[in-house]
Amino acid sequence: MLKSLTAGLLAALAGLALQPGASAAPLPPLVLAASAAPALVPASGGTVQVTGRVAHASTCRLEVLSHQSFPVVYSQAPRSCASGKFSARVTIGPNPSPVARTVAFALVAANAVGSYPGRFYVRLQAGQAPLVLAASAAPALVPASGGTVQVTGRVAHASTCRLEVLSHQSFPV
């Protein structure tokens with residue numbers, strides 16, 4: 001009896017689905033896959049190619065989900081992805097810090113029913129910390145009457161340099 005009831009219910013449901021003139025409700029959009037290549041960017045920054053596969057979506061757009069101390073340049077405008085494919089280029093600026101950073105993105109697929117985000121990440125390698133390799137002053141000994149000293153140095157991984165006086169003096173420096 002249970003077997004015939006189940007068979008009858010399935011037949012009725014199949015008949016409803018196949019009725020002429022009946023329209024199926026639109027399906028919500030889905031992000032099937034989203035990624036960026038390369039997923040690891042050097043500390044100097046670079047451009048990544050974002051790709052995605054979606055289903056039941058009419059438009060797609062990118063969102064940056066994390067706040068960064070370096071620029072992340074991309075188009076925020078929605079574009080058609082009704083074909084099921086999405087592609088975009090994102091430029092990531094240099095990492096100014098000696099700590100690696102992760103940029104979180106969302107590929108947002110949308111249609112008339114709603115929207116759905118698919119997350120992916122790009123890792124930006126750490127910038128190299130600036131180093132003072134050598135510093136010297138000539139002459140090393142200044143007479144009591146004062147004088148001029150030439151300071152020279154060698155640095156690595158620095159874009160600017162400045163000289164600081166670390167002690168307080170009773171005379172001008």
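The values are calculated or read from the model by the stated rules, or taken from the named source; none is laboratory data. The model shown is predicted, which means the values in this text are computed figures rather than measured ones. Don't worry about glycine lacking a Cβ; one is built from the backbone with ideal geometry, like all the others, and counts go over all protein chains shown. To get the accessible areas, we keep the full protein, side chains included, count just its heavy atoms, and leave off ligands, DNA and RNA. Shrake-Rupley method; radii C 1.70, N 1.55, O 1.52, S 1.80 Å.
If only the Cβ of Lys and Arg carry +1 and only the Cβ of Asp and Glu carry -1, the dipole of the chain around its Cα centre is close to 420 debye. In the chain, a dipole from Cβ-located charges (positive for Lys and Arg, negative for Asp and Glu) runs towards its positive end, and of A24, S136, L166 it is A24 whose Cα lies farthest in that direction.
Report the convex hull volume per residue for the range 65-134, counting only C-alpha atoms, in Å³.
97
The accessible surface of the range 73-173, taken with every protein chain in place and a 1.4 Å probe, is 56 percent carbon and sulfur. Cβ screening of the chain for cysteine pairs under 4.7 Å finds these without a partner: C161. Between (1) -0.80, -1.21; (2) -0.65, -1.21; (3) -0.52, -1.19, which matches log10 I(q)/I(0) by the Debye sum over Cα atoms at q = 0.10, 0.20 Å⁻¹ calculated for the structure shown? Label of the calculated value: (2).
Magnitude of the charge dipole for the range 35-119, about its Cα centre and with charges confined to Cβ atoms of Lys, Arg (+1) and Asp, Glu (-1), is about 140 debye. Computed 3J(HN,Hα) for the range 72-83, one whole-Hz value per residue from the Karplus formula 6.51 cos²θ - 1.76 cosθ + 1.60 where θ = phi - 60°, is 10, 10, 7, 8, 8, 5, x, 9, 5, 9, 4, 6, glycine and proline marked x. Short-range pairs are left out: with C-alpha atoms under 8 Å and at least six residues apart, the relative contact order of the range 39-105 is 46 percent.
The string of couplings for the range 55-71 from the Karplus curve (6.51, -1.76, 1.60, θ = phi - 60°) is 9, 6, 10, 9, 9, 9, 8, 9, 9, 8, 9, 10, 8, 10, 8, 9, x Hz, one whole number per residue in order, with x for Gly and Pro. Extension gain, S87 to E63, is 7.3 nm, computed as 0.36 nm per intervening residue step minus the present C-alpha separation. Rolling a 1.4 angstrom probe over the protein heavy atoms with all chains in place gives the chain an accessible area of 69 Å² per residue. The C-alpha atoms of the chain define a longest principal axis, and helix 2-17 lies at about 70 degrees to it.
Computed from the C-beta positions of A100 and L133 and an R0 of 25 Å, the FRET efficiency is 0.55 to the nearest 0.05.
Once C-alpha pairs closer than 8 Å and six or more residues apart are averaged by separation and normalised to the residue number of the range 14-164, the relative contact order reads 24 percent. The listed peptides 116-129, 78-91, 148-161, ordered by packing as a protection proxy, come out as 116-129, 78-91, 148-161 (highest mean of other Cβ atoms within 10 Å first).
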